[in-house]
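**Student:** Quick one: this structure, given as structure tokens, is what I'll be asking you about.
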Amino acid sequence: MQGKVGIVAGLANQDSIAFGCAQALHHAGAECLVTYASPNAEKFVTPLVGDMGEPELMLCDVQHDDQLDALFARARKRWGRLDFVVHSIAYAPLNDLHGRVVDCSKEGFALAMDISCHSFIRMAKHAEPLMKEGGSLFNMTYYGAEKVVDNYNLMGPVKAALESATRYMAAELGPQGIRVHAVSPGAIRTRAASGLKAFDELAYDGETRSPLRRLASVQDVGNAVVYLASDAGASLTGLTHYVDGGHHLRF
């Protein structure tokens, strides 16, 4: 990854998957722009820059088109190209997330889909003209997109849409050498995961029943992204990659 440049979006704190990805990409020789979604997160993300190779941090709430435009304009000005984009962003209102899918509000469903799925599509559209020599796009999904996982609720259909979009985008962008992947970690103790009811039970199941008898770390996810973004993953696209200690075999 020496000399490769790209964006890692969705940093919140040291437990973020985005942190593990930026850290692993830095260690592999890549240079990153790293985004966070809220000014309130700045005090948590600024102390992490040393562990990520002193990347430039940018505020980018994907609900605001001007911030998304500014992010990719900065990438264009700084490098003139992109080799990878990592989208590690998801959200659903708690009232909708904690209830049945049948009961979710129209507004909550639309918001969860916009932030967790359509923002990845928008980022890909911005990245496409900067990947004239190919590149790779990544999003973060979960097994609850494929099978019913208790308490995953609304995020199941949203992540299913994200995985489907991954396949269609891989087919559309493949002729240009742009590869698209969904990465599916198991239970990881991130801020986003803390919003799920009974998360500790899910984590315990992963620790005791997965073939490797442990949860994946954010660094494990980052290492997988490095492999897929590097020349070693050059023939792979449109896949969902499980980074969960094999837990998906047990569901």
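**Student:** Restricting attention to region 160-173, does a residue exist that is at negative phi and not in a helix (DSSP H, G or I)? Let's see the steps before the verdict.
**Tutor:** Taking region 160-173 as the starting set, the residues that turn out to be at negative phi are 160-173.
Next cut, not in a helix (DSSP H, G or I) only: none.
Taking every residue of region 160-173 in turn, none turns out to be at negative phi and not in a helix (DSSP H, G or I).
Quick grid of which residues meet (1) in contact with a Leu (Cβ under 9 Å, 6 or more places away or on another chain); (2) of a type outside the set (Phe, Trp, Tyr); (3) at pLDDT 95 or above:
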site: 33; (1), (2), (3): yes, yes, yes
site: 36; (1), (2), (3): yes, no, yes
site: 50; (1), (2), (3): no, yes, yes
site: 61; (1), (2), (3): yes, yes, yes
site: 81; (1), (2), (3): yes, yes, yes
site: 89; (1), (2), (3): no, yes, yes
site: 108; (1), (2), (3): yes, yes, yes
site: 117; (1), (2), (3): yes, yes, yes
site: 127; (1), (2), (3): yes, yes, yes
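**Student:** Give the residue that is farthest from residue 75 (Cα to Cα), with candidates limited to residues of region 24-44 that are crowded, with 23+ Cβ neighbours inside 10 Å and within 17 Å of the chain's Cα centre (by Cα). Full working, then the answer.
**Tutor:** Let us first name the residues in region 24-44 that are crowded, with 23+ Cβ neighbours inside 10 Å, namely 24-25, 30, 32-36.
Filter once more, keeping what is within 17 Å of the chain's Cα centre (by Cα): 24-25, 32-36.
On the way: 24: 20, 25: 16, 32: 9, 33: 8, 34: 11, 35: 12, 36: 15 Å.
Of everything passing the filter in region 24-44, 24 is farthest from residue 75 (Cα to Cα).
**Student:** Only one residue in 6, 50, 80 is open to solvent by less than 30 Å² (accessible area, probe 1.4 Å) and of a type outside the set (Lys, Arg). Which one? Spell out the reasoning first.
**Tutor:** Numbers: 50 fails: open to solvent by less than 30 Å² (accessible area, probe 1.4 Å); 80 fails: open to solvent by less than 30 Å² (accessible area, probe 1.4 Å).
Step by step, each of 6, 50, 80 is checked, and only 6 is open to solvent by less than 30 Å² (accessible area, probe 1.4 Å) and of a type outside the set (Lys, Arg).
**Student:** Within region 144-182, which residues are within 19 Å of residue 114 (Cα to Cα), open to solvent by 30 Å² or more (accessible area, probe 1.4 Å) and touching a residue at least 24 places away in the same chain (Cβ under 8 Å)?
**Tutor:** Across region 144-182, the qualifying residues are 153, 157, 161, 167.
Listed here are the residues, each with its yes/no results for (1) buried (at least 16 other Cβ atoms within 10 Å of the Cβ); (2) farther than 21 Å from residue 3 by Cβ; (3) polar (S, T, N, Q).
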site: 68; (1), (2), (3): yes, yes, no
site: 85; (1), (2), (3): yes, no, no
site: 88; (1), (2), (3): yes, yes, yes
site: 103; (1), (2), (3): no, yes, no
site: 137; (1), (2), (3): yes, no, no
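**Student:** Also: So which of 126, 118 ends up being open to solvent by 10 Å² or more (accessible area, probe 1.4 Å) and without any contact (Cβ under 8 Å) to a residue 12 or more places away in the chain? So that I can check it myself, show each step before the final result.
**Tutor:** Values: 126 fails: without any contact (Cβ under 8 Å) to a residue 12 or more places away in the chain.
Unique residue meeting the criteria: 118.
**Student:** Can you give me the number of residues within region 79-94 that are farther than 25 Å from residue 218 by Cα and in contact (Cβ under 8 Å) with a residue 60 or more places away in the chain?
**Tutor:** Qualifying residue count for the region: 2.
**Student:** Shifting gears a bit: For residues that are in a helix (DSSP H, G or I) and of a type in the set (Lys, Arg), scanning just region 119-159, find the one that is farthest from residue 206 (Cα to Cα).
**Tutor:** Here is the first cut: in region 119-159, the ones in a helix (DSSP H, G or I) are 119-130, 143-145, 155-159.
Filter once more, keeping what is of a type in the set (Lys, Arg): 122, 125, 159.
Numbers: 122: 33, 125: 36, 159: 20 Å.
Only one residue tops the list, namely 125.
**Student:** Still on this model: Please count how many residues of region 208-251 are more than 16 Å from residue 149 (Cα to Cα), open to solvent by 50 Å² or more (accessible area, probe 1.4 Å) and not in a loop (DSSP other than H, G, I, E, B).
**Tutor:** 6
**Student:** Can you tell me which condition residue 97 does not meet? The list is (1) touching a residue at least 60 places away in the same chain (Cβ under 8 Å); (2) open to solvent by less than 30 Å² (accessible area, probe 1.4 Å); (3) under 14 Å from the mean Cα position of the chain (by Cα), and all the others hold.
**Tutor:** (3)
**Student:** With the condition kept exactly as written, say whether any residue in region 151-159 is among the aromatic types (Phe, Trp, Tyr) and either at pLDDT 95 or above or within 27 Å of residue 34 (Cβ to Cβ) (or both). Working first, answer last.
**Tutor:** Of the residues in region 151-159, the ones among the aromatic types (Phe, Trp, Tyr) are 152.
From what is left, the residues that are either at pLDDT 95 or above or within 27 Å of residue 34 (Cβ to Cβ) (or both) are none.
Checking region 151-159: not a single residue is among the aromatic types (Phe, Trp, Tyr) and either at pLDDT 95 or above or within 27 Å of residue 34 (Cβ to Cβ) (or both).
**Student:** Still on this model: Could you please find all residues in region 55-66 being under 17 Å from residue 119 (Cβ atoms) and either open to solvent by 60 Å² or more (accessible area, probe 1.4 Å) or without any contact (Cβ under 8 Å) to a residue 40 or more places away in the chain (or both)?
**Tutor:** If we filter region 55-66 for residues that are under 17 Å from residue 119 (Cβ atoms), which is where we start, we get 58-66.
If the condition is that a residue be under 17 Å from residue 119 (Cβ atoms) and either open to solvent by 60 Å² or more (accessible area, probe 1.4 Å) or without any contact (Cβ under 8 Å) to a residue 40 or more places away in the chain (or both), then 58, 59, 61, 63, 64, 65, 66 are the ones that fit.
The values are calculated or read from the model by the stated rules, or taken from the named source; none is laboratory data. Note that the coordinates shown come from a computational prediction; the quantities given were computed from them, not determined experimentally. With ideal geometry, Cβ positions are generated from the backbone for all residues, glycine too; neighbour counts draw on all protein chains shown. All accessible areas refer to the heavy atoms of the entire protein, side chains included, with ligands and DNA or RNA removed. Shrake-Rupley method; radii C 1.70, N 1.55, O 1.52, S 1.80 Å.
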